[in-house]
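The values are calculated or read from the model by the stated rules, or taken from the named source; none is laboratory data. This structure is a prediction, so every number in the text was calculated from the model and none was measured. Cβ placement follows ideal geometry from the backbone for every residue including glycine, while neighbour counts extend to all protein chains displayed.
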Amino acid sequence: MPDYSYPPMENRRVIGKRITRLDGVEKAAGKAKYNSDVRPKGTIHAVGVFSPHAHARVKSVDTSAAEKAPGFAAVSVVAKPGAEVNWAGQEIAFIAADTEERARDAASLVKVEYEVLPHLVREENLAKAGVRGKPAGEQVTGDPDAAFSASGTVSHEAEYGIPVITHCCLEPHGQIVAWDGAANQIKYWPSTQTVSAVGGDLAKQLELPATNIHVHQDHIGGGFGSKFQSDVWGAEAARLSKKAGGKPVKLYLDRREELTIAGVRPSVFGKVKLAANASGELTAWDSTTWMTGGFAGGGLNADLLPYVFRNVANRRINHTAVSTNCGTSRAWRAPNHPQVCYITCAAMEDLAAKMKMDPVEFFLKNVDKTARADTYRGQILKASEMIGWKKNWKPRGSSPGTVKRGLGLAVGTWGGAGHASQCRATINPDGSAVVEIGSQDLGTGTRTIIVQVAAETYGLPMNAITLKLGDNMYPASGASGGSTTVGGVSASTRKATVNALDKLFAAAAPSLGVPADQLEAVDSKIQVKGNPAKSMTWKAACGKLGVSAIVETGANDPRNPMGLTTGGVGGCQMADVSVDIETGVVKLNKIVAVQDIGLVINPKTADSQVYGGIIMGICAALYEERVMDEMTGRFVNADMEFYKLAGAGDIGEIEVQFEITPDNDKRGVIGLGEPATVPTIAAIANAVANAIGVRPPVLPLSAKNVLNALHNTTRRFA
Amino acid sequence: MSSKKKPDQELQAARTSGFSRRGFLGTASATAGAVGGGLLERPAQAAPPAGIMGPGEIEITLTINGKATPVKVEPRTTLLDALRERLEITGAKRVCDRGTCGACTMLVNGKTVYACTALAVDMAGKKIETIESLSAGARPHPIVPAFANHDAQQCGYCTPGMVMASKGLLDQTPNPTYDQVKAGLGGNLCRCGTYVGIRKAVLDAAKELRATGARKNGGSNA
């Protein structure tokens with residue numbers, strides 16, 4: 001079996017270098033084509049009719065007036081009479097017309113009669129959920145009651161909550177799709193995180209063989225976990241295309257729909273009691289949490305509590321999932337983790353404050369309750385140094401004046417091992433090298449790192465490699481979720497290119513007069529190992545192939561990644577904030593992140609992943625909140641004006657530290673997209689509590705929530 | 001459409017000659033999609049006066065990146081949709097569609113405009129600069145490579161708007177402070193979290209532009 005391991009760090013020419021992403025200029029120049037930019041000849045436009053009611057039964061759907069509207073092309077009714085709709089924004093019908101404006105006109109003529117039914121759209125008060133709450137069984141480890149009442153124990157009890165937030169992808173969910181009815185072939189241009197699998201998902205909805213669907217996507221405008229499915233609108237756009245004689249149909253959600261129905265992150269609310277002995281070692285944890293993932297969305301894994309500090313001897317966990325008449329949750333960058341991180345790290349900071357302990361000291365005292373004591377200890381100390389904790393930290397509430405400064409910390413963890421991925425490497429007799437992979441570049445730099453790996457293997461410059469991805473005709477590669485892509489595609493690319501290079505060595509060996517295993521590929525040459533004098537150019541070596549190209553595949557098997565990729569990282573972040581107690585406005589001064597990492601293919605795009613994760617956390621900590629109106633059952637801020645995101649001036653300064661060392665390098669490649677976003681929320685929230693002397697229990701740290709905490713008017717959950 | 005003149009010329013003539021009934025009607029019809037038909041109720045009962053646009057498609061001429069470009073739009077069609085859906089000029093993106101996020105930022109007569117909240121018919125005769133103009137020449141505008149070099153994009157969907165907002169800022173403030181950069185880009189939102197690179201890229205492009213300007217002027221320092 002060939003040796004797939006990467007060359008030693010010091011010998012690498014391309015891997016580990018700060019390479020500018022290959023599509024950087026294309027994107028900055030506005031030339032990158034997203035599928036929402038694609039416009040095949042004859043494209044018509046479709047829009048949807050959505051339920052205005054959070055819970056209703058459809059009595060009738062009358063499309064007759066709509067069908068007479070100018071430019072009308074086709075209609076497809078999703079919710080037939082008798083159908084129950086379970087959230088405002090649920091799909092009723094889709095209408096296609098020659099232009100988008102006329103499709104909207106036609107859609108406005110669709111008459112839908114509803115029988116309105118009672119709804120539940122808010123979950124923060126569990127008592128009001130009634131039968132909509134589905135409690136999981138209680139889990140108990142050790143004897144929490146005895147631990148809480150043991151002498152010398154200090155305990156703290158409080159409530160914490162994070163509201164539902166929405167992915168708010170800038171490119172909305174949607175697609176162009178053309179269904180040639182005669183040939184029964186579909187061309188599908190979706191906005192997707194899974195080029196290799198989304199065609200099969202659409203095929204299932206349409207009851208067609210997956211092989212009849214050709215998927216293509218060059219760029220995607222954000223997904224963050226919400227773009228794995230082909231969705232109702234994908235299937236309906238296809239049906240409209242077929243009805244319209246195969247014309248391509250463009251159907252993208254508008255902003256309100258995007259925020260309302262295309263994915264949200266589950267909330268979490270909870271009552272937490274935790275205890276430590278006199279020296280600050282955690283002894284007991286007891287939490288009763290609840291959340292909603294919408295009507296039938298995913299849950300929250302409360303078993304992750306207490307987060308990171310898993311080995312607390314006495315623990316009681318109760319958790320209830322509440323079904324609400326709201327848009328369904330989808331995976332969100334680091335599913336579960338930011339929420340349980342906040343609950344855990346906020347409760348720990350509060351207990352430390354009660355015990356008059358420095359939270360850094362308190363966290364350090366408990367690192368042996370984590371799976372990576374040494375890692376966290378080192379990270380907490382490093383982050384403390386970066387933010388000047390010793391100099392700048394003051395006990396809770398002791399910052400003077402009306403603009404109060406505070407520091408806070410939190411820790412996180414993630415897996416990030418590579419997903420299943422296949423890659424095909426072709427070396428042509430003319431010397432050209434092609435890498436094909438059914439993956440996608442979410443903007444994380446996937447294109448760039450694949451080409452880096454291939455160029456490293458072949459000893460060629462990066463521009464000698466032609467990469468083809470973003471199409472389901474290439475070898476299947478996993479969905480880009482859970483920080484699994486970089487590990488998966490780098491491993492499959494490494495294996496495919498090593499396999500292809502071995503074949504090239506075999507072809508060149510006779511001319512160089514040594515066995516193939518004595519050859520290496522360096523500086524666009526094939527040469528005898530360590531002997532540049534005995535060499536031939538890459539091109540000349542490829543010329544020895546005659547008329548047959550080398551075509552080799554490589555696969556990453558997650559069960560046996562052969563050292564090329566692993567998972568499991570820790571991370572620590574600390575935040576420095578200023579809070580104006582007269583206005584309640586929180587200003588982020590600085591965040592420092594010490595991130596655990598494996599083999600780094602591209603430090604430049606790795607930096608960007610960490611920055612991006614932190615900034616997403618800043619948005620959630622300070623601004624993001626889905627506001628559901630109890631009366632109408634609607635998402636009232638489903639736009640970008642009142643659903644706030646951080647801007648360029650809101651993020652303070654961010655300092656990132658990760659260690660590119662031989663020890664980390666040996667771990668293989670580990671994904672970085674999720675771990676960096678986990679601790680940010682809790683670090684900022686802890687800094688705010690430290691600054692103002694009280695805990696705003698429910699996020700975001702908006703002026704309203706901060707002032708409520710300061711004036712002790714926070715509405716209790718129950 | 002009873003006017004013999006091209007509607008955009010008509011509209012422009014009405015504008016430049018100060019207030020006129022025609023100009024008023026032209027403007028009113030152009031905004032009718034947004035405010036409802038109320039304003040037009042009375043005139044609509046009479047024979048349609050000359051100069052009214054729509055409600056169907058009309059042909060106007062937009063000056064896009066220096067090129068006179070005829071396009072058929074409805075009066076309610078936004079500048080953004082006219083470019084994206086009718087002219088296949090797709091660099092600017094439609095995201096919030098309500099003048100909040102800046103992904104559709106263009107320069108109109110040198111000022112940054114959210115193209116999702118400007119009507120195409122109102123833009124006739126004005127100088128429209130889009131992201132495509134920055135790489136039309138032999139060398140791209142320095143802001144483009146600066147964004148790439150500082151990895152100031154991830155998914156890239158906000159990027160064309162960010163780049164145009166940066167151009168707008170640098171055109172008016174060639175030597176911005178760090179705080180001016182933050183404020184100048186305050187009308188543009190990114191979801192991937194690329195602001196760290198963006199802020200550096202804009203400062204870097206400003207430096208490059210000043211150096212280029214200095215070279216052009218024969219000076220050694222800007």
Tell me whether segment B:131-149 contains one or more residues that are at the interface with chain A (Cβ under 9 Å from one of its Cβ atoms), closer than 19 Å to B:ARG94 by Cα, in a loop (DSSP other than H, G, I, E, B) and under 16 Å from the mean Cα position of the chain (by Cα). no
Considering every residue within segment B:120-129, establish whether at least one is surrounded by 24 or more Cβ atoms within 10 Å (Cβ to Cβ) and within 11 Å of chain A (Cβ to nearest Cβ). no
Can you name every one of the strands (runs of 3 or more DSSP E) wholly within segment A:161-256 that holds 2 or more residues which are within 25 Å of the chain's Cα centre (by Cα)? A:174-180, A:185-190, A:249-252
Taking the conditions exactly as written (outside the structural domain of A:ASN637 (by TED's automatic domain parsing) and closer than 29 Å to B:ARG98 by Cβ), does A:PHE72 satisfy them or not? yes
Taking only segment A:383-416 into account, find how many residues are surrounded by fewer than 24 Cβ atoms within 10 Å (Cβ to Cβ) and of a type in the set (A, V, I, L, M). 2
Restricting to segment A:575-608, count the residues that are of a type outside the set (Val, Ile, Thr), over 26 Å from A:ARG255 (Cβ atoms) and within 9 Å of chain B (Cβ to nearest Cβ). 2
I need the full set of residues from segment A:528-559 which are at pLDDT 95 or above and under 23 Å from A:PRO8 (Cβ atoms), in order please. A:VAL528, A:LYS529, A:LYS534, A:SER535, A:TRP538, A:GLY554, A:ASN556
Verdict on B:PRO176 being surrounded by fewer than 22 Cβ atoms within 10 Å (Cβ to Cβ) and more than 28 Å from A:ASN589 (Cα to Cα): no
List the helices (runs of 4 or more DSSP H) inside segment A:643-718, counting only whole elements, that have at least 1 residues being out of contact with any Gly (no Cβ under 6 Å at 6 or more places or on another chain) and of a type in the set (A, V, I, L, M, F, W, C). A:680-692, A:703-710
If I go through segment A:391-411 residue by residue, how many of them are out of contact with any Asp or Glu (no Cβ under 9 Å at 6 or more places or on another chain) and on the phi < 0 side of the Ramachandran plot? 6
May I ask you to list the residues in segment A:613-632 that are assigned to a loop (DSSP other than H, G, I, E, B) and more than 23 Å from A:GLY481 (Cβ to Cβ)? A:TYR623, A:GLU625, A:VAL627, A:ASP629, A:GLU630, A:MET631, A:THR632
Count, please, the residues in segment B:153-167 that happen to be more than 7 Å from chain A (Cβ to nearest Cβ) and free of Cβ contacts under 8 Å to residues at least 60 places away in the same chain. 1
Please go through segment A:427-446 and give me each residue that is within 14 Å of another protein chain (Cβ to nearest Cβ) and under 26 Å from A:ASP3 (Cβ atoms), ordered by number. A:THR446
Residue count, segment A:175-217, condition within 14 Å of chain B (Cβ to nearest Cβ) and under 18 Å from A:LYS41 (Cα atoms), comes to 3
Pairing a residue in segment A:645-669 that is more than 9 Å from chain B (Cβ to nearest Cβ) with any residue that is among the polar types (S, T, N, Q) and not in a loop (DSSP other than H, G, I, E, B), where Cβ atoms lie under 6 Å and the two sit 6 or more apart in sequence or on different chains, gives A:GLY652/A:ASN589; A:PHE658/A:GLN595; A:GLY668/A:THR565; A:VAL669/A:SER490; A:VAL669/A:THR565
Residue pairs, Cβ under 9 Å, 6 or more apart or interchain, first in segment A:211-226 and in contact (Cβ under 8 Å) with a residue 40 or more places away in the chain, second assigned to a loop (DSSP other than H, G, I, E, B) and surrounded by fewer than 19 Cβ atoms within 10 Å (Cβ to Cβ). List them. A:HIS214/A:MET473; A:VAL215/A:MET473; A:HIS216/A:VAL38; A:HIS216/A:MET473; A:ASP218/A:LYS33; A:ASP218/A:VAL38; A:HIS219/A:LYS33
When residues of segment A:515-559 are filtered for being over 24 Å from A:ILE437 (Cα atoms), in a strand (DSSP E or B) and within 44 Å of the chain's Cα centre (by Cα), how many remain? 7
Matching residues in segment A:243-271 - criterion: being surrounded by fewer than 24 Cβ atoms within 10 Å (Cβ to Cβ), hydrophobic (A, V, I, L, M, F, W, C) and away from chain B (no Cβ under 14 Å): A:ALA244
Kindly indicate whether any position in segment A:372-390 is within 27 Å of the chain's Cα centre (by Cα) and of a type in the set (S, T, N, Q). yes
Looking at A:PRO70, A:PRO163, which one is more than 21 Å from A:ARG255 (Cα to Cα) and not polar (S, T, N, Q)? A:PRO70
Does A:LYS59 count as in contact (Cβ under 8 Å) with a residue 40 or more places away in the chain, within 29 Å of the chain's Cα centre (by Cα) and not assigned by TED's automatic domain parsing to the domain that holds A:GLY327? no
Failed condition for B:THR112, given (1) touching a strand residue (DSSP E or B) at 6+ places or on another chain (Cβ under 7 Å); (2) facing another protein chain (nearest Cβ under 10 Å); (3) of a type outside the set (Asp, Glu); (4) within 24 Å of A:VAL25 (Cα to Cα): (2)
Residues in segment B:192-222 that are at pLDDT 95 or above, farther than 30 Å from A:THR677 by Cβ and of a type in the set (Gly, Ala, Ser): how many? 1
B:ARG199 - would you say it is under 27 Å from A:ILE220 (Cα atoms) and charged (D, E, K, R)? yes
With modelled with pLDDT of 50 or more, more than 14 Å from the chain's Cα centre (by Cα) and within 13 Å of chain A (Cβ to nearest Cβ) as the only criterion, which of B:PRO75, B:PRO70 stands out? B:PRO75
Hey, can you tell me all the residues within segment A:106-121 that are touching a helix residue (DSSP H, G or I) at 6+ places or on another chain (Cβ under 9 Å) and either surrounded by fewer than 20 Cβ atoms within 10 Å (Cβ to Cβ) or under 30 Å from A:ALA276 (Cβ atoms) (or both)? A:SER108, A:LEU109, A:LYS111
Selection count, segment A:345-402, where residues are among the small types (Gly, Ala, Ser), part of a helix (DSSP H, G or I) and closer than 23 Å to A:VAL698 by Cα: 4
Among the numbered criteria (1) within 14 Å of chain B (Cβ to nearest Cβ); (2) in contact with a Leu (Cβ under 8 Å, 6 or more places away or on another chain); (3) over 29 Å from A:ILE387 (Cα atoms), which one does A:GLU641 miss? (2)
Would you mind telling me which numbered condition in (1) surrounded by 17 or more Cβ atoms within 10 Å (Cβ to Cβ); (2) within 14 Å of chain B (Cβ to nearest Cβ); (3) not hydrophobic (A, V, I, L, M, F, W, C) A:PRO40 fails? (1)
